[in-house]
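Enquirer: Mind looking over this structure? Questions follow.
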Amino acid sequence: MAGSPPPWRGASAVLATMHGKERAIAPLAARFLGLDVRVAEGLDTDLFGTFSREIERAGTPLDAARAKIAAAFTIDPHARVGIASEGSFGPHPSLPFAALDRELLVLIDRETGLELVGHHATMATNFAHQVVTDAKAGLAFAMKAGFPAHGVIVIGVRDGQPASQLALFKAITTEADLLAALEQAIALTGAAHVETDMRAHRNPRRMRAIRRAMIDLVRRSRSHCPACARPGFAMTGRAHGLPCAWCASPTHLTRAEVWTCEGCGHREERPVSATSADPMHCEDCNP
Ligand SMILES: [Zn+2]
Ligand SMILES: [Zn+2]
């Protein structure tokens, strides 16, 4: 695991952000990857999708991050490395009523073609929304979501759905601004959709999650493929079939971690520490 990082000592990297993500990314990139990170000045990352739905994101989060990096390279043509992050928020796949923040961080070295992807998923998110017809209820929602340290966005409502073309307030920093925005949206559209602002500079919890994704990316940058030495050798799945301790038939428990190289396709199974499964997991011994 503990290999040396890619040879970027002093190389420049351009970061596709207009939401202050350099605070989470640049110090780690400098310290562990030797990269001098600059922000892509003038890049409108909202063109690749906004959380407040004026612009829908096209494709997967990975597609969106790659498109942001391509745009950042056009702004900073001398940068060797491009970096972008993409967050996805939604209900937890297996826990009802819990929200999950999935952060993806992509780094592309256009000299070598290397692409590294860092991941972090966390339930430590305030991601939520509520439709209110009363400004006080909107204020109460915002306070619960951590306002004003965490931002909120107020949107007009049509047919029960947020309608940002009718009313949209994103730059809310004080309680007075918030009440005014809520009252205006309610006066215009009959209700206000108030939601947590998930933009990194207005969401300290998200900023922490992006930092964790960057730590994951640093870790992957030091993991080299045993066949071709490309950085980014990582666990990509699990192999099932740990044998039953009594009858040795395969169970659904994990037998090995599967590690793969995106460069050369090298695949390695790393057995878990257990060599046999408790018969309670066996379909033959414990039907
Ligand atoms: Zn390889
Ligand atoms: Zn068995």
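Enquirer: In percent, what relative contact order does segment 222-279 have, based on Cα pairs under 8 Å that are 6 or more apart in sequence?
Expert: 33 percent
Enquirer: Next question, about the same structure. Using the 2.2 N^0.38 Å rule of thumb for compact globular proteins, work out how segment 112-266 stacks up: its C-alpha Rg over that value, please.
Expert: 1.59
Enquirer: So if I take the centroid of the Cα atoms in segment 94-131 and the same for segment 149-184, what is the distance between those two points in Å?
Expert: After rounding, the separation between the Cα centres reads 25 Å.
Enquirer: So, R0 is 22 Å and r is the distance between the beta-carbons of Met235 and Glu262; what FRET efficiency does that work out to, to 0.05?
Expert: 0.95
Enquirer: What is the order of His92, His266, His193, fewest Cβ neighbours within 10 Å to most?
Expert: Going from least to most buried by this count: His92, His266, His193.
Enquirer: Tell me, what is the percent relative contact order of segment 129-196, built from C-alpha pairs under 8 Å that lie six or more residues apart?
Expert: The value is 48 percent.
Enquirer: Can you return the aspartates and glutamates within cross-link range of Lys170? Criterion is Cα-Cα under 12 Å, with same-chain partners fewer than 8 residues away left out.
Expert: Glu54, Glu195, Asp197
Enquirer: Can you list the equivalent-ellipsoid semi-axes of the chain, largest first and in whole Å, using the square root of 5 times each Cα gyration tensor eigenvalue?
Expert: For the chain, the ellipsoid semi-axes come out as 40, 29, 14 Å.
Enquirer: Modelled label-to-label distance, Ala171 and Arg31, 7 Å Cα→beta-carbon offset: nm?
Expert: Label at Ala171, label at Arg31, 3.4 nm between them.
Enquirer: While we're on this one: What is the fewest-to-most order of Val81, Val152, Val117 by other Cβ atoms lying within 10 Å of their Cβ?
Expert: In increasing order of surrounding Cβ atoms, one gets Val117, Val81, Val152.
Enquirer: A follow-up question, please. Which whole-number percent is the relative contact order of the chain (Cα, under 8 Å, 6+ apart)?
Expert: Averaging sequence separation for qualifying contacts and normalising by length gives 15 percent for the chain.
Enquirer: Can you tally the net charge around Ile83? Count Lys and Arg as +1, Asp and Glu as -1, for every other residue whose Cβ sits under 14 Å from the Cβ of Ile83.
Expert: Result for the neighbourhood of Ile83: +1.
Enquirer: From the P(r) of segment 57-129, can you give the percent of Cα pairs sitting at distances over 16 Å?
Expert: Cα-Cα pairs of segment 57-129 separated by over 16 Å account for 55 percent.
Enquirer: Among Arg211, Arg230, Arg158, which one shows the biggest mean-square fluctuation in a GNM of the chain, springs joining Cα atoms closer than 10 Å?
Expert: Arg158
Enquirer: Zone of Ala121 (label point 7 Å along Cα→Cβ, backbone N under 19 Å): which residues in segment 235-270?
Expert: 235-240, 253-260
Enquirer: Here's something else I'd like to know. In vacuum, with every alpha carbon of segment 232-287 counted as one equal point scatterer, what does the Debye formula give for log10 I(q)/I(0) at q = 0.12, 0.22, 0.25, 0.26 Å⁻¹? Two decimals, please.
Expert: -0.33, -0.74, -0.85, -0.89
Enquirer: Under 10 Å, Cα contacts only: if you run a Gaussian network model on the chain, which one of Glu41, Glu56, Glu111 comes out with the highest mean-square fluctuation?
Expert: So, out of Glu41, Glu56, Glu111, the one fluctuating most is Glu111.
Quick note: the coordinates plus some simple rules give every number you see, no bench work behind them. All values derive from a computational prediction rather than experimental measurement. Glycine also receives a Cβ, built like all others from the backbone with ideal geometry; neighbour counts cover every protein chain displayed.
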